[in-house]
Structure formats: structure tokens, C-alpha cells
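Report on the following structure.
The values are calculated or read from the model by the stated rules, or taken from the named source; none is laboratory data. Owing to the predicted nature of the structure, the values given are computational and were not obtained by experimental measurement. Cβ: placed from backbone, ideal geometry, glycine included. Neighbour counts: every protein chain shown. Heavy atoms of the whole protein, side chains included, go into the accessibility calculation; ligands, DNA and RNA do not. Shrake-Rupley method; radii C 1.70, N 1.55, O 1.52, S 1.80 Å.
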Amino acid sequence: MKLYELRETKGIDSLIAVERDVPKVWPGQVLIRVHAVSLNYRDLLIVAGRYMRGLKLPLIPMSDGAGEVVEIGAGVTRVKRGDRVAGIFMPNWLSGEVSPYTPRTALGGSVDGMLADYVVLSQESVVHIPSHLSYEEAATLPCAGVTAWNALTSWVLKPGISVLAQGTGGVSIFALQFAKLAGARVIITSSKDKKLEMAAGLGASDLINYETVPDWDQKAIELTNGIGVDHVVEVGGPGTLARSMNAVRVGGRISLIGLLSGPESSVNPMPILGKQIQVQGIFVGSREMFEAMNRAISLHQLRPVVDRVFAFDEARDALRYCESGAHFGKVVIRL
Ligand SMILES: NC(=O)c1ccc[n+]([C@@H]2O[C@H](COP(=O)([O-])OP(=O)(O)OC[C@H]3O[C@@H](n4cnc5c(N)ncnc54)[C@H](OP(=O)(O)O)[C@@H]3O)[C@@H](O)[C@H]2O)c1
């Protein structure tokens, strides 16, 4: 079978295509013929050695894939041959609260990921994918989809609340789509007017170009009659958090998800106290959340936004495309 391996972490060119035998299936496991893998910003950090210490090499990268079950081990009851499934991001976070151990099993980081023709996973760590989705669309769900779902549904989400999503990458476009499903008002920022128009096409009602309007937090306050937004989906991190604390209303929520603006800064925490803001760290989510999200996606026939699909041989080009920031929504590799 074909797969990509990381043998060192010196950037995108560290990704090497290799051949291996198809892995064996043990009791309780399933063999999946992977048909599509989606990319996340995390994959760029991983290939560059900027994600975590102690990465075990060689590593099959990328957390997000969807495919068909082609073989099941003894005792498998959750799925059968021919089922269409996706792997969950953290194979041992099935439900309930996160534990100290869950992040240590994340696919494509702590353990091998999905950028391979065939992968073996525990039957517990796969979910059925919505039947109206292609494999390319379903491959976008495990990380970006579940993260946005967790951020939005773990706090108040009801018609009329305002959600501010930063930029138009994978997580933010899912946040836009899920917020719209719930009847929320979406204020979205982007560095490109063209992408803002595309976000409007998905239902964003208020558009702010954060390059031409660097004080986008003030604009968000104006748009909400001086009150501030209910919920900020924070993917910028250190470079945007102070403005998010300004943009959010008293008693509002910031879901702290990403660090697109860099790993460090000094942020004055006083507004958190003064405005009684809830700042909640979000790290993807559980299988239970994934399944709840899939029910909503199926019910509303929601389609993830796939910007571009690359061929297996073009995996490095796909990463370079993500790195360029040209995408809107998700980037996928077909296997
Ligand atoms: N905690 C978690 O569980 C979790 C899960 C998924 C992702 N993440 C993190 O969340 C972040 C987003 O991930 P992703 O996969 O959605 O990334 P992505 O698809 O690569 O998104 C990139 C887009 O973000 C926007 N952006 C970049 N810098 C920005 C800034 N300073 N302010 C506002 N928007 C900015 C840009 O949009 P425009 O081109 O429109 O300007 C850019 O195209 C990353 O830091 C990632 O590591 C965390």
C-alpha cells in the first residue's frame, strides 16, 4: 500500500511517499481503505517540528480521513464490511469530559495518522459518516468540524445570539455553518474581500476585513449596538485574543482554539475578570460530539466546504497550498 511518512521534521519536503504491507487486523479492530484525507493547520506545524516535543518518527501524518471498512477483526460489532466511516481525532476520547490521557492518542501526532491507503483503527474510534457526503467532504469532519461543533455547542447556542468567527479557514467556516444552523448571527473576519463575499454566501451577515479594518473589535462592538458579541471563536490566539476580549460582551464566551497569529504574546487578563468573560480552551472533541454533529449534518443536509482536492502524489502541494492561506474552508487529498 502507498502512504506518506515523516522521518524528520524539517518542513513540507520531509513528507516522503513509501510502500508498506497492508496492516493486519487484530480482534476489536477494523481495516479501512482510506479514500480521502483533509489537512489542518496542525499538519503544517507537525511537518515543521513545531507542534509537540517527542514526536515519534517515522510517523504517518494527518488526523482526518474517511474511507470504507474492508475487513473487521474478531468481536467487532460497531461496524461491518462496506460501512463508510471516519476515524476520530483522539481514539480514546469517546464521551464525557476530557481526561489527561486523551490528547496522547491523537492521530497523526502522538500515533500514526490517516495519510495511507489502508489504516487499522479500533472499532471504538470510528464513526459512520453522513450518507449524503462524499468521502472528500466527510474527511473534513474529524478535527475542524468537531472542534467548531464543540466550541459552539458547549455554550449557549440559540437563535439570535451573535458569533464572531475569525478568518475563513477550516474551523471558522464550520463555525459559520453550525452557527447558522442554530439561527445565530455570524460576524466573520477575513483578510480578503473575496472570501468575505463567499462567507456571505454561506449566511454570514456581517463582514469585516481585518487587514483594512485592523480594529475589527471596535467594528464588532458597533455592529452589536455597543454591547459586544456573545461568542468569539478564537483561532488567531496570542495576536488576536486582546481584541477578542474587547469585542465580546460582558458575560460572553471566547472559545480559545488556535494560534494562527503565533505562539506567544502578553495579554492583559483583566478584561476577563472585569467583563466576567468565559475563556474556554477547546481541543477538538469526543466521539459522542462527532456523532451528535453528524446527526445535525444529516438532518440539515449540510455540506462541508471543500476548497480544493489534491491527488495522493500532490500531498506536498496540498500542504503548500494550505500554508499559502489561499484556501476557503478545507483542503483535501484523494487516495
Ligand atoms: N484546539 C483545537 O482543537 C484545534 C482544532 C483545529 C484547529 N486548531 C487551530 O485553529 C487554528 C485554525 O486552524 P484551521 O485548520 O482552521 O486553519 P486554516 O484552515 O489553515 O485557516 C487559515 C486561515 O485563518 C485565517 N487567519 C490567519 N491568521 C489570522 C489572524 N491573525 N486573524 C484572523 N484570521 C486569521 C486566514 O483566513 P483569511 O484568509 O480569511 O484571512 C487563513 O486563511 C490553527 O491555529 C489550528 O492549529 C485547533
Answer check: region 99-156, Cα atoms, Kirkwood Rh, Rg/Rh ratio of 0.99
Helix-derived [θ] at 222 nm for the chain: sum -39500 (n - 2.57) over DSSP H runs of at least 4, divide by residue count, nearest 500? -7000 deg cm²/dmol
Considering the dipole of the chain built from charges on the beta carbon (Lys and Arg +1, Asp and Glu -1) around the Cα centre, which of L299, L241, P142 is farthest to its positive end? L299
Could you work out what % of the accessible surface of region 174-261 is carbon and sulfur, using a 1.4 angstrom probe and leaving DNA, RNA and ligands out of the count? 53 percent
If you average the sequence gap of Cα pairs under 8 Å that are 6 or more apart and divide by the length of region 179-222, what percent do you get for the contact order? 37 percent
Leaving out ligands and nucleic acids, and using a 1.4 Å probe, what accessible area per residue does the chain come to in Å²? 43 Å²
Could you work out the percent of alpha carbon pairs in the chain separated by over 28 Å, rounded to a whole number? 39 percent
Using Cα pairs closer than 8 Å and at least 6 residues apart in sequence, work out the relative contact order for region 173-270, in percent. 20 percent
Out of every Cα pair in region 144-207, what percent are spaced more than 16 Å from each other? 34 percent
Just add up the charged neighbours of S95: K/R +1, D/E -1, any other residue whose Cβ is under 15 Å from the Cβ of S95. -1
For region 1-148, the percent of accessible surface on carbon and sulfur atoms (probe 1.4 angstrom, ligands and nucleic acids excluded) is 51 percent
Suppose accessible area is computed on protein heavy atoms with a 1.4 Å probe; arrange H35, H128 from highest to lowest. H128, H35
Among 141-152, 56-67, 211-222, 241-252, what's the highest-first ranking by average C-beta atoms within 10 angstrom per residue? 141-152, 56-67, 241-252, 211-222
Non-local amide H neighbours of G11 (under 5 Å, H modeled in plane, Pro and chain starts lacking H): which ones? A48, G49
If you put +1 on each Lys and Arg Cβ and -1 on each Asp and Glu Cβ, how big is the dipole of region 103-258 around its Cα centre, in Debye rounded to 20? 400 debye
Estimated dipole of the chain in Debye, rounded to 20 [Cβ of Lys and Arg +1, of Asp and Glu -1, Cα centre]: 420 debye
Calculated diffusion of region 196-335, Stokes-Einstein form, Kirkwood radius summed over Cα pairs, 25 °C and 0.890 mPa s, µm²/s: 140 µm²/s
Here P(r) for region 214-265, Cα-Cα distances in 10 Å bins, as whole percents, is 30, 53, 17, 0
What are the semi-axes of the equivalent ellipsoid for region 171-235, taken as the square roots of 5 times the Cα gyration tensor eigenvalues, largest first, in whole Å? 17, 15, 10
On a 1.4 Å probe surface of the protein chains, which of M1, M90 comes out largest in accessible area, and what is the full order? M1, M90
For region 76-172, just say rounded, prolate or oblate: build the C-alpha gyration tensor, square-root its eigenvalues into a ≥ b ≥ c, call rounded for a/c under 1.5, and beyond that prolate if a/b exceeds b/c, oblate if not. prolate
Peptides 318-325, 191-198, 108-115 ordered by average Cβ neighbours within 10 Å, highest first: 108-115, 318-325, 191-198
Straight-line reach only, C-alpha to C-alpha below 24 angstrom: list the lysines that K219 could link to, leaving out same-chain residues fewer than 8 apart. K158, K180, K192, K194, K195, K275
At 25 °C and 0.890 mPa s, the Stokes-Einstein diffusion coefficient in µm²/s for region 4-45, with hydrodynamic radius from the Kirkwood sum on alpha carbon pairs, is 188 µm²/s
Relative contact order (%) - region 55-130, alpha-carbon pairs under 8 angstrom, separation at least six: 42 percent
Whole-Å semi-axes of region 258-315's equivalent ellipsoid (Cα gyration tensor): 33, 22, 11
